[in-house]
Every structure is written in C-alpha cells, then in structure tokens.
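The values are calculated or read from the model by the stated rules, or taken from the named source; none is laboratory data. This is a predicted model, so every value here is computed, not measured. Cβ: placed from backbone, ideal geometry, glycine included. Neighbour counts: every protein chain shown. These area figures cover heavy atoms from the full protein model, side chains too; ligands, DNA and RNA do not enter into them. Shrake-Rupley method; radii C 1.70, N 1.55, O 1.52, S 1.80 Å.
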Amino acid sequence: MPIEEPTEYKIKKAFNETVLAKQNYLVTQANDLAKSFGNLPVLAHKILDYCIAHVQPNDKANQEYTIKVKELTAYFGMNKSGKNYQNIINSFTQLNSRTAVILPNYDDQGEVKSVTLTSLFDFIKIEKDGLITFSFHRFVAPYIFELRKNFYSFRLLELSRVKSKYTLSFLKLWNSHSLGAWSDATQPNELPPSLHLEASLTDWKTWLLGVDNTGKAKNWSAGRFKQKALMVALNEISTLYPTSRILVTPLKNGRSITGFIVDIQMFNTTLPIKQGLLEQAHARTRKYF
C-alpha cells in the first residue's frame, strides 16, 4: 500500500507547487517592483511611469491621485482624437488587469511562510469627461513610495522620449542596480551613474519580456532575445545618453549563451567619444557595432 503523506506536508507541497511556482510578480523590495512589468505594452508602461511620478514624499497609503486624459495626450504628443483617447483608456484597463502582485511573508529563517495575493492598484476610476482617479493598493503603496524615493529618479521628459518598452524596463533595472545614486529632477545636467549588471538569461527575459500565465520566462532563444529585446533597449539608451559607452558580454556554457553582463560607463564631457555598443564575444575579443 502507498504510504500516506501527513496532511501538513501535503498543504506545504501544494503551497510551494501552486502559489510560489506560479507567481506572476514577486515583490520583496522596491527594486523588484521596478522590474516587474515586462509584459506591459509600451503605452501602458509609460502611463504607469506617469502615475508613479505623481507620488509625493508625504503621501499616505490611501492617497488618491487625479489626472486628465487630455493631459496625457499632451504629454505624449498625441493629437486629440477619439482613437488616442481610446488607446489611453485601454492602457488603464491593461494596467488594471496585468499588474497582479504577490507579496511574500518570511519567517525567521528567511523561508516564505505565506503570500498575499493582491494588485498594484486599489482602484482606477474613469469618468466620461476624461477624468481619471486612481489609488495604489495599501499593501503595495509602501513599495511604490520606496520605489519613487530611491529608484525612480528619471525625469518624465526622459521617459516620454523612450519608444521601446524594453528600454523602459531596462531603465528601471539600471536605476535599481546602478553603481551610485541617481540624480533627481532638480539636477538636470547630472548624468546617471555607471552600471554593472550580470544576470542569467532567464532573469533577463523575465525583466524585459515579462512572464507567461504560469509565471515562467517567455520561451525566446538567446539570439532572439538579444537582437529583439536587449539590443533594442541598449541602442535606444545609447541615443538618450550619447556620452555613454556600453559593453555587452555574453555568459556561456560551451557554445550556449546562459546570460549577459551589461556594463555602462558615463562620460561627463562635451568632447566626442567613439560611439556605439561594445560586445565582448570572447574574453579577449571586442568590437564596436
């Protein structure tokens, strides 16, 4: 006869296999929240940035914010057409449906003892006159406030110029893993700090592409991911910051790419420097492209 497993064991096994293995977003600190929106379309991603930029240092967890659709169309340089209004409203519905959040609670040994299933927004109210009121969920608001304070120092003007959602995701990664503090909007001439970010291919895909319905990284090959996502982001960043030098180093196991290292150096100079992205295909081989 099969050995019957204790009920407590069954519950723990079910918890690990269903809740923890299928999470869409795992939020443990603010910089994790910053990299949790890879599956948002670019307009929804930008609108989220716009919403977070409204957070002020003394805001409360139940703070409500109000913006107008016409403000967003002006900010994004859109004409005042019905189609653009509809696109913005659709983006808010995407923000509501695609920003599920799982908040883990840990025991003294650092093991997850419970999770809270919630969402980024408490509510989003859209009125027919184009007024939009929203509030972040009270459980997530502290992470938003920390994100806004420590990591989210991009100026809205910089974000509005970004065309790719991969660049938006990468900027948040850069902000949360940078080698130094980012300047704030009161220091428009300050350059971002340098970056050294090493991660597995799975982590990179999770950050830039998002996850599927099972919580797993999307099934892109390393070559496709590099060409269609990572390099799209880095090429746009090199345009946004023309005095930057970017080096991409593939991590390999034999001939297979298992991850990437991205190094960004910023140069505070008006002199022209050799432009382009660097890739180190092997330890001693470097080339511009």
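Criterion first (in contact with a strand residue (DSSP E or B) (Cβ under 8 Å, 6 or more places away or on another chain), surrounded by 13 or more Cβ atoms within 10 Å (Cβ to Cβ) and at pLDDT below 85) does residue 63 satisfy it? Answer is no for this residue. Of all residues in region 39-60, none satisfies being open to solvent by less than 70 Å² (accessible area, probe 1.4 Å), over 21 Å from the mean Cα position of the chain (by Cα) and among the β-branched types (Val, Ile, Thr).
When restricted to residues that are open to solvent by less than 40 Å² (accessible area, probe 1.4 Å) and of a type in the set (Gly, Ala, Ser), region 209-258 contains 8.
All conditions but one from (1) open to solvent by 40 Å² or more (accessible area, probe 1.4 Å); (2) at pLDDT 85 or above apply to residue 274; the one that does not is (2). Identify the residue in region 86-142 that is among the acidic types (Asp, Glu) and either surrounded by 17 or more Cβ atoms within 10 Å (Cβ to Cβ) or at pLDDT 90 or above (or both) and, among all such residues, is farthest from the chain's Cα centre (by Cα). Among residues in region 86-142 that are among the acidic types (Asp, Glu) and either surrounded by 17 or more Cβ atoms within 10 Å (Cβ to Cβ) or at pLDDT 90 or above (or both), the one farthest from the chain's Cα centre (by Cα) is 127.
Checked across region 46-60, the condition of being in contact (Cβ under 8 Å) with a residue 40 or more places away in the chain, more than 19 Å from residue 137 (Cα to Cα) and not basic (Lys, Arg) holds for no residue.
Tell me whether region 238-246 contains one or more residues that are among the β-branched types (Val, Ile, Thr) and without any contact (Cβ under 8 Å) to a residue 12 or more places away in the chain. There is at least one residue in region 238-246 that is among the β-branched types (Val, Ile, Thr) and without any contact (Cβ under 8 Å) to a residue 12 or more places away in the chain. Within region 149-170, identify whether any single residue is modelled with pLDDT of 85 or more, in contact with a helix residue (DSSP H, G or I) (Cβ under 8 Å, 6 or more places away or on another chain), of a type in the set (Val, Ile, Thr) and open to solvent by 20 Å² or more (accessible area, probe 1.4 Å), and answer yes or no. No - not one qualifying residue is present in region 149-170. Please name all residue pairs, on different chains or six or more residues apart, with Cβ atoms under 8 Å, provided the first residue is in region 62-90 and is under 23 Å from residue 135 (Cβ atoms) and the second residue is assigned to a helix (DSSP H, G or I) and open to solvent by 40 Å² or more (accessible area, probe 1.4 Å). What qualifies is 69/85; 69/89; 73/85; 75/156. Quick check on residue 182: is it modelled with pLDDT under 95, of a type in the set (Phe, Trp, Tyr) and touching a Lys or Arg at 6+ places or on another chain (Cβ under 6 Å)? Against the criterion (modelled with pLDDT under 95, of a type in the set (Phe, Trp, Tyr) and touching a Lys or Arg at 6+ places or on another chain (Cβ under 6 Å)), residue 182 does not qualify.
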